[in-house]
Amino acid sequence: MSEKTLATKPRSDVVVLRPSRGWTTLNLRDLWVYRELVYFLTWRDVKVRYKQTVLGALWAILQPLLNMIVLTVIFGNLAKMATDNIPRPIFTFTALLPWGLFSKALSDAGRSMLASRAMITKVYFPRLIIPLASVMGGVVDFVIQLGILLIMMVYFKITPTSAIWTLPFFLLLALITALGFGLWLSALNVLYRDVGYIIPFLTQTWLLVTPVGYSVKAIPAQWQLVYALNPMVGVVEGFRWALLGTQNPPWAVLAVSVLISLTLLISGMYYFRRMERTFADMV
Amino acid sequence: MNSPIASEFLGGGAARPARDGEAIRLVQASVRYRVPHERIGTFKEYLILWLQRKVKHHTFWALKDVSLEVRQGEAFGLIGQNGAGKSTLLKLVARVLRPTSGRVWVKGRVAPLLEIGAGFHPELTGRENVYLNGAMLGFTRQEMDARFDHIVDFAELWDFIDAPLRAYSSGMWARLGFAVAIDAEPQILIVDEILSVGDEAFQRKSLARIQGFQEQGVTILLVSHNMGVIESLCQRAAWLDHGRLQAIGEAREVIRAYRQSQPG
């Protein structure tokens with residue numbers, strides 16, 4: 001047969017299934033073999049999302065713009081909080097980029113395991129791919145929004161700083177935080193359906209303790225490090241620093257953010273792997 | 001004879017693999033489902049019940065101490081009534097489930113034809129779904145490019161391949177799923193009542209394809225309520241009843257024993 005010429009994957013190894021006890025290994029090799037599935041599931045989510053709406057991909061732009069208007073009115077016109085001499089729409093929109101990515105990733109990842117029930121109970125693949133793909137789905141929106149931001153910056157005559165090359169790092173930090181937390185939520189949501197109801201409340205509250213609508217300078221100096229325990233503080237401040245040059249690079253805050261994010265990710269991965277064996281029964 | 005120490009999932013060098021010539025080996029494999037008496041859906045309910053020590057689980061063994069070997073290149077049938085544990089056994093081999101106790105060795109690439117088209121999305125076109133499903137089986141895009149024509153040929157769906165799947169009839173949906181799964185160059189093929197897919201012509205074609213695999217030396221694990229299919233395809237068979245192995249051996253003999261046990 002003609003298929004004989006096709007390369008067969010190096011998966012003719014013997015697979016041993018045994019009852020899993022305690023903390024299993026992460027089995028990252030398996031994840032690598034299935035890397036294409038991450039791409040396809042991400043692409044499917046994006047495509048389906050926009051296919052079903054009237055405005056389609058326009059939503060990627062409208063959502064943060066509407067958020068920007070609301071936050072500008074609340075924190076600017078009502079609370080009158082300072083923006084480090086940056087035009088408020090830009091100041092807010094820059095922060096909404098990573099924030100939107102994060103909050104969407106969190107709620108999508110949290111729901112992802114239950115939404116993929118049909119696949120989980122029928123086919124084997126590393127389950128970690130499901131929340132991973134739902135986190136990656138937001139990156140497409142992010143890129144569109146970044147384009148809008150750059151247009152806005154031209155309009156407001158703001159040149160990006162030379163630190164703009166650090167932006168991918170802050171994007172990565174946002175993704176790691178989202179994935180770490182998303183892994184916890186997605187696994188917990190399989191066990192307790194309550195989690196699905198907590199997530200909207202969680203992201204709402206989280207928005208208020210993240211300097212999206214206001215500047216991090218509004219927080220008293222002695223509370224800065226405690227405040228930085230929220231890893232999104234480092235991400236948002238990093239974005240403003242890299243694009244707008246708001247202040248000195250927030251090194252101390254960043255160090256704390258990176259540490260917290262990595263802890264979230266690693267613990268999330270282990271917890272997810274540990275719960276994985278029960279998923280096929282419980283979703 | 002099995003080391004209970006190593007605990008990783010993929011065998012590697014840690015555990016003794018199946019013996020030469022074996023594709024699948026189960027050693028006292030058991031699967032227990034825990035079903036709470038009342039569905040405890042929320043953390044609060046669980047907490048209250050747990051504090052009152054009232055979390056009662058009704059446990060039942062979907063599979064209990066089943067030991068069997070399937071040789072490479074063999075067609076092996078599984079028979080038994082509904083709820084006997086046949087599908088649970090298939091899910092073990094497909095890696096969807098893990099044994100609660102015991103061991104399962106699987107050697108080779110498994111193509112699970114459990115419920116075909118499980119990962120299909122109705123909003124995507126047939127073409128997109130073929131690639132997505134391929135990725136789920138572990139194939140890269142390039143590999144799927146090379147397979148694509150063959151898959152659509154087999155499914156006979158060229159006219160609809162760029163239409164969204166929601167426009168498909170259930171038979172077309174199943175045909176596409178079957179075509180993707182069966183094209184996966186498996187070393188072990190898991191077939192769960194698959195021969196009820198599509199119309200009679202397609203069923204004949206599917207059966208011919210499975211027989212073709214058999215001639216190529218692919219190991220086949222087949223579940224069917226159709227004893228005729230089992231008898232004509234399989235050399236050996238096992239009869240499961242309430243999760244326990246009742247009989248194993250030559251297909252004809254096992255079927256006879258099963259039939260004799262049935263009232264009427």
Please give the FRET efficiency for A:T159 paired with B:A257, using the beta carbon to beta carbon distance and R0 = 56 Å, rounded to the nearest 0.05. 0.10
Quick one: accessible area per residue over the stretch B:174-232, 1.4 Å probe, rounded to a whole number of Å²? 35
Chain A, accessible area per residue, ligands and nucleic acids excluded (1.4 Å, Å²): 45
Evaluate peptide A:190-201: per residue, the Cβ atoms of other protein chains within 10 Å of its Cβ; return the mean as an integer. 2
Would you compute, from DSSP H runs of 4+ residues alone, the mean residue ellipticity of chain A at 222 nm, taking -39500 (n - 2.57) per run and dividing by the full residue count, rounded to the nearest 500? -22000 deg cm²/dmol
Just counting partner chain Cβ atoms within 10 Å, what average do the residues of peptide B:42-48 show around their Cβ? 3
In square angstrom to the nearest 100, the accessible surface buried at the A/B interface, both sides summed with a 1.4 Å probe, amounts to 5300
What's the carbon and sulfur percent of the stretch B:177-264's accessible surface, probe 1.4 angstrom, rounded to a whole number? 46
Could you work out the per residue convex hull volume over the alpha carbons of chain A, in cubic angstrom? 176
Computed over the protein assembly as shown, Cα set: Rg, Dmax in Å: 27.0, 89
Inter-part distance where the stretch A:25-102 and the stretch B:180-235 are each reduced to a Cα centre, Å: 47
Within 10 Å of the Cβ of an average residue in A:125-136, the count of other chain Cβ atoms is 1
How large, in percent, is the carbon and sulfur part of the accessible surface of the stretch A:25-268 at a probe radius of 1.4 Å? 73
Ranked highest first by the average count of other Cβ atoms within 10 Å around their residues, in what order do B:167-179, A:123-135 fall? A:123-135, B:167-179
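The values are calculated or read from the model by the stated rules, or taken from the named source; none is laboratory data. Please read all numbers here as calculations on a predicted model, not as lab measurements. Glycine gets a Cβ as well: all are built from the backbone with ideal geometry, and neighbour counts include every protein chain shown. Surface accessibility is based on the protein's heavy atoms, side chains included, excluding ligands, DNA and RNA. Shrake-Rupley method; radii C 1.70, N 1.55, O 1.52, S 1.80 Å.
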